[in-house]
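Input: a single structure, listed below in C-alpha cells.
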Amino acid sequence: MIRNATPADVPVIHAMIRELAEYEKALDEARATEEQLREALFGERPAAYAHIAETEDGEPVGFALWFLNFSTWRGVHGIYLEDLYVRPDRRGGGHGKALLTELARICVERGYERLEWSVLDWNEPSIGFYRSLGALPQDEWTVFRLTDAALGELGAAPRQVASP
C-alpha cells in the first residue's frame with residue numbers, strides 16, 4: 001500500500017499537490033513545477049522525500065512529502081511532513097494512516113524523535129484524524145513565514161558582518 005516515490009511518480013505527485021492546494025483554497029499559490037519537484041526529490045542533492053499510497057492494483061491515491069529538520073533541544077533530526085494527501089474518494093481506506101505509520105517507522109528506525117506537520121485550523125476532519133493517532137497540537141507556537149516581497153526586501157538588506 002505504501003512505497004517510496006520514484007521519478008515516474010512526479011506527474012501524479014504534482015497533480016495531487018494541486019488537488020491539495022485547491023482543497024485548501026489556495027490553488028493560485030501552488031506554483032511548483034514538475035521539473036522543480038523532480039530536482040527536489042531525485043536530483044543530485046535531494047531536499048525532500050516522498051512516499052506513495054496506492055491501491056492493491058497499483059493506482060496512486062495519496063502521497064506524503066517530507067524533509068528532515070533538526071531539534072536543537074533533542075540533538076537529533078526529525079521529520080517535517082510538508083504534505084499529506086489522500087484523494088477524497090479514497091479517504092477512509094487507511095491510506096493516510098499508512099503513510100503516517102511509515103514516517104513514524106522511519107523516525108523510530110533512525111532515532112529521530114519528532115514527526116511534525118501543520119494543519120489549517122479550519123480542517124476539522126484532518127485534526128480529528130491526527131488526534132485519533134495521538135498527535136497533539138502545538139497551541140503555544142505560532143508559525144511565521146516570509147515570502148514574496150517581504151522575503152526579497154529582507155534578503156536584499158546590507159550584510160551585517162562583524163569586523164575582525
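The values are calculated or read from the model by the stated rules, or taken from the named source; none is laboratory data. Values in this document were obtained by computation on a predicted structure and should not be read as measured data. Cβ atoms come from the backbone with ideal geometry, glycine included; neighbour counts cover every protein chain shown. Just so you know, the surface numbers come from the protein's heavy atoms only, side chains and all, with ligands and any DNA or RNA stripped out. Shrake-Rupley method; radii C 1.70, N 1.55, O 1.52, S 1.80 Å.
Just a few scattered comments:
- Nearest-ten-degree value, helix 10-23 long axis tilted from longest Cα axis of the chain: 80
- In Å², nearest 10: area of Thr101 left accessible to a 1.4 Å probe: 80
- Carbon/sulfur fraction of accessible area - the chain, other protein chains in place, 1.4 Å, %: 53
- The phi torsions of the range 84-90, fed into the Karplus equation with coefficients 6.51, -1.76 and 1.60 and a -60° offset, translate into couplings of 10, 8, 10, 4, x, 6, 10 Hz, rounded to whole numbers, with Gly and Pro shown as x.
- Entry note, the chain: the mean residue ellipticity at 222 nm calculated from DSSP H runs of n ≥ 4, each adding -39500 (n - 2.57), is -10500 deg cm²/dmol after division by the residues and rounding to the nearest 500.
- Ranked by solvent-accessible area (1.4 Å probe, protein heavy atoms only, all chains present), the residues Arg114, Arg87 order from largest to smallest as Arg114, Arg87.
- Viscosity 0.890 mPa s, 25 °C: Kirkwood-radius Stokes-Einstein D of the chain over Cα pairs, µm²/s: 139
- Karplus-derived HN-Hα couplings along the range 118-126 (A = 6.51, B = -1.76, C = 1.60, θ = phi - 60°), whole Hz, x at Gly and Pro: 10, 9, 5, 5, 8, 8, 4, x, 5
- Å² per residue, accessible surface of the chain at 1.4 Å: 69
- Here the gap between Asn4 and Arg145, fully extended at 0.36 nm per residue and compared with their Cα-Cα distance, gives a gain of 47.8 nm.
- The packing ranking, built from the mean of other Cβ atoms within 10 Å per residue, places the peptides 44-50, 152-158 in the order 44-50, 152-158, highest first.
- Label-point separation, Ile106 to Leu68 (7 Å along Cα→Cβ), nm: 1.1
- For Phe67, the solvent-accessible surface computed with a 1.4 Å probe is close to 70 Å², ligands and nucleic acids excluded.
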